[in-house]
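A quick write-up on the structure given underneath.
The values are calculated or read from the model by the stated rules, or taken from the named source; none is laboratory data. The shown structure was predicted, so the numbers you read here are calculated from the model rather than taken from an experiment. All Cβ positions, even for glycine, are placed from backbone atoms using ideal geometry, and neighbour counts span all protein chains on display. Ligands, DNA and RNA are stripped out before the accessible areas are found, and what is left, the full protein with its side chains, is counted by its heavy atoms. Shrake-Rupley method; radii C 1.70, N 1.55, O 1.52, S 1.80 Å.
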Amino acid sequence: MSTSDVAIIGAGLGGLALAQGLKNHGISATIYEADPAPDSRIQGYRIRIDAQGQQALARVLPPALYQLFRQTASVASTEGYFLDRAGHEANGRQPEGWHQAGQNADLAPDLSIHRQTLREILLCGLEGTLRCGHTFEGYHQASEGRVGLRFAHMADASCKLLVGADGVNSRVRAQLAPDAGPADSVYLCLYGKSALTAEKAEYEGTSVVFCDGFSAIIDEMRFRQDFTALAAKAGFNGSLTQTEDYLYWALIGPGSRLAVPLDSLSLPPMLQKLIQRTWPEHIATLSVRYGNPDIAWQPGNVTLLGDAVHAMSPAGGIGANTALRDAADLAAMLHGKGLSGIVDYERLMLARGKAAVADSAAAAAKLSG
Ligand SMILES: Cc1cc2nc3c(=O)[nH]c(=O)nc-3n(C[C@H](O)[C@H](O)[C@H](O)COP(=O)(O)OP(=O)(O)OC[C@H]3O[C@@H](n4cnc5c(N)ncnc54)[C@H](O)[C@@H]3O)c2cc1C
C-alpha cells in the first residue's frame, strides 16, 4: 500500500494545478489517473484562460513554467468578432465572462492555449507523483483519520486528504455527495479542429457566429514559437510537443437543433467549408451537464474540485478557469491551515461554482438565441 498526504484523483487541468500548488508549498501528493498515459486520449483542443485563470496559474506554477504557459499561447488575437450568419457584426450578444483586449483595462485579455500544451506544462516536475492506469473505485475511512483508496486492478493506497478532481462523472463525488450529481441539459456541444493551411484563415482571431438557434465559436490558433527552444530556456525537463497551427471550432446549442448529421446543418458557407475540412476523428460531441454545487456535505478529509462538483456548459468558457482557481485556493488553504482549511475552501469553492454554473447556463442561452 502506498501512502501520501494528499491523494488527487484525476490528472486533468484542475488536479495537475493542485499538485503543482501543493508541491510549491512542500506538501506531498500523489495523482491517480485512469488513463494509461497523460497523452493517451485527446481531452480537447484550445482552451481560453481568462485573467482569473492566469492568476491561479501564476499562484501554483514556478515562475519559469508560468512564463512558458504565456509564451506557448496562440499568438492570434483573442479579440472577438460577433457575427450574424450573413457575416455582419452582431454586437451586444457577447456572453458574460468573455474578456477581450482593450475591453476592460483592469483585466488581462484571455489567452488561448492548446489544452495538451497546458497539461504538459502542468505535468512538469510531477512525473514521480503521477500514477497512470489507476481507475479510482471508492474510498473508506481508515484508522488514525486516514482515507483508504480502492482502484480497479491496482493495489490499495491511503492518504490524509482525498481530493476528487475526476471530472463530471466523478466517483469521489458519487460517494461523498450522491445527491450532488450533475443534471442533464438540453444542450449539445460539437467541437473539432481543422488544419490552418491557408495564408489567411476563414475567420480571424476568435469569432462567434450566431446561426439559427445555435452558435459557432471559432478560434484561430497560431503558434509562431519553437516550443523545444522555449522549453529548454525554461529548464523544462519533460517533452513539450510542438503544436501545428489550427482552427478550433465548436457548435453550441440545443440538441433539437444540433442532434442531426453535420452535413445537414444549415451553416454559413464559410463555416461549412471549415467544418467539412475537419477530419472525422477530430470531431467530438458532448452532452452538456450542469453540476449541483448547491448541495454541501460535511467537511472532512474528502473534498472535490473542478468539474467533479460544478460541471457547466463550455459556452461560458470558465469551467477550466474555475477549476484552476479551486486548485490554487485549496493549495493555499492547506498550506496556511492544514486540514482545517477545508471548511473555508469548500465555502469559497461552492459559492464560486454555483455562480459559474449559473453564468455558463446564461451564456448557453445567449448563444442559442
Ligand atoms: C469543447 C469544450 C471547450 C471548453 N473550453 C473551455 C475554455 O475555453 N475555458 C474554460 O475555462 N473551460 C473550457 N471548457 C471546460 C473545461 O474543459 C473543464 O471545465 C475542465 O477540463 C475541468 O477540469 P477538471 O480538472 O475539473 O476535469 P477534467 O478535465 O475532466 O479532468 C478529469 C480527469 O480525471 C480523470 N478521471 C476520471 N475518472 C477517474 C477515475 N475514476 N479514476 C482516476 N481518474 C479519473 C480523467 O481521465 C481526467 O483526466 C471546455 C469544455 C469543452 C468540452
What is the helix-to-structure angle for 13-24, meaning the angle in degrees between its Cα long axis and the longest Cα principal axis of the chain, kept from 0 to 90 and rounded to the nearest 10? 50
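Beyond 26 Å between alpha-carbons counts as too far, so tell me which of Lys23/Lys337; Lys23/Lys233; Lys23/Lys354 fall in that bin.
Lys23/Lys354
How long are the semi-axes of the equivalent ellipsoid of segment 223-266, taking √(5λ) for every eigenvalue λ of the Cα gyration tensor, in whole Å from largest down? If you can, show how the numbers build up before the last one.
Details: eigenvalues 320, 25, 12 Å².
Computed over segment 223-266, the values are 40, 11, 8 Å.
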Nearest 10 degrees, 0 to 90: what angle lies between the long axis of helix 319-337 and the longest principal axis of the chain (Cα atoms)? 30
Based only on the alpha carbon positions, what is the Kirkwood hydrodynamic radius of segment 12-142, in angstrom? 16.9
Which whole-number percentage describes the relative contact order of the chain, with Cα contacts under 8 Å and a sequence gap of 6 or more? 24
Rounded to the nearest 10 Å², the accessible area of Trp249 using a 1.4 Å probe with every protein chain kept is 0
Rounded to the nearest 0.05, FRET efficiency between Asp106 and Ala58 (Cβ-Cβ, R0 22 Å) equals 0.85
Given a 1.4 Å probe and heavy atoms of the protein chains only, how would you sort Lys354, Lys193, Lys366, largest accessible area at the top? Lys354, Lys366, Lys193
Pick from Arg277, Arg222, Arg119: which residue has the top mean-square fluctuation in a GNM of the chain where Cα pairs under 10 Å get a spring? Arg277
Once label points are set 7 Å from the Cα along Cα→Cβ at both Ala296 and Ala195, what is their separation, rounded to one decimal in nm? 5.5
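Taking R0 as 22 Å, what FRET efficiency do you get between Gln272 and Asp245 from their Cβ-Cβ distance, rounded to the nearest 0.05? Numbers along the way, then the final one.
On the way: r = 21 Å, r/R0 = 0.95.
About 0.55, to the nearest 0.05.
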Would you work out the charge dipole size for segment 20-165 about its Cα centre, treating the Cβ of every Lys and Arg as +1 and the Cβ of every Asp and Glu as -1, and quote it to the nearest 20 debye? 240
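Suppose accessible area is computed on protein heavy atoms with a 1.4 Å probe; arrange His310, His114, His335 from highest to lowest.
On the way: His310 0, His114 25, His335 105 Å².
From most exposed to least exposed: His335, His114, His310.
Enter the accessible area per residue of segment 280-369 (Å², integer; probe 1.4 Å; all protein chains in place). Can you show the working numbers first?
Values: 3340 Å² over 90 residues.
That works out to 37 Å² per residue.
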Output the 0 to 90 degree angle, nearest 10, between the alpha-carbon long axis of helix 51-60 and the longest principal axis computed from the alpha carbons of the chain. 30
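When Lys and Arg each count +1 and Asp and Glu each count -1, what net charge do the other residues less than 14 Å away from Gly336, Cβ to Cβ, add up to? If you can, show how the numbers build up before the last one.
Details: positive: Arg59, Lys337; negative: Asp329, Asp344.
Charge balance near Gly336 sits at 0.
Calculate the FRET efficiency for Trp279 and Asp212 from the Cβ-Cβ distance with a Förster distance of 25 Å, rounded to the nearest 0.05. Write down the numbers at each step before the final one.
Details: r = 26 Å, r/R0 = 1.05.
Calculated transfer efficiency: 0.45.
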Asn169 versus Ala37, label points 7 Å from Cα toward the beta carbon: distance in nm? 2.2
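Would you mind giving the three semi-axes, in whole Å and largest first, of the ellipsoid equivalent to the chain according to its Cα gyration tensor?
After scaling each eigenvalue by five and taking roots: 35, 23, 19 Å.
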Helical contribution to [θ] at 222 nm, DSSP H n ≥ 4, -39,500 (n - 2.57), averaged over the chain, rounded to 500: -9500 deg cm²/dmol
Given a 1.4 Å probe and the protein chains all in place, what does the accessible area of Ile283 round to, in Å² to the nearest 10? 50
Starting from the Cα coordinates of segment 274-340, work out the convex hull volume and express it per residue in Å³. 129
Could you let me know the centre-to-centre spacing of segment 157-219 and segment 131-152, using Cα atoms, in angstrom? 27
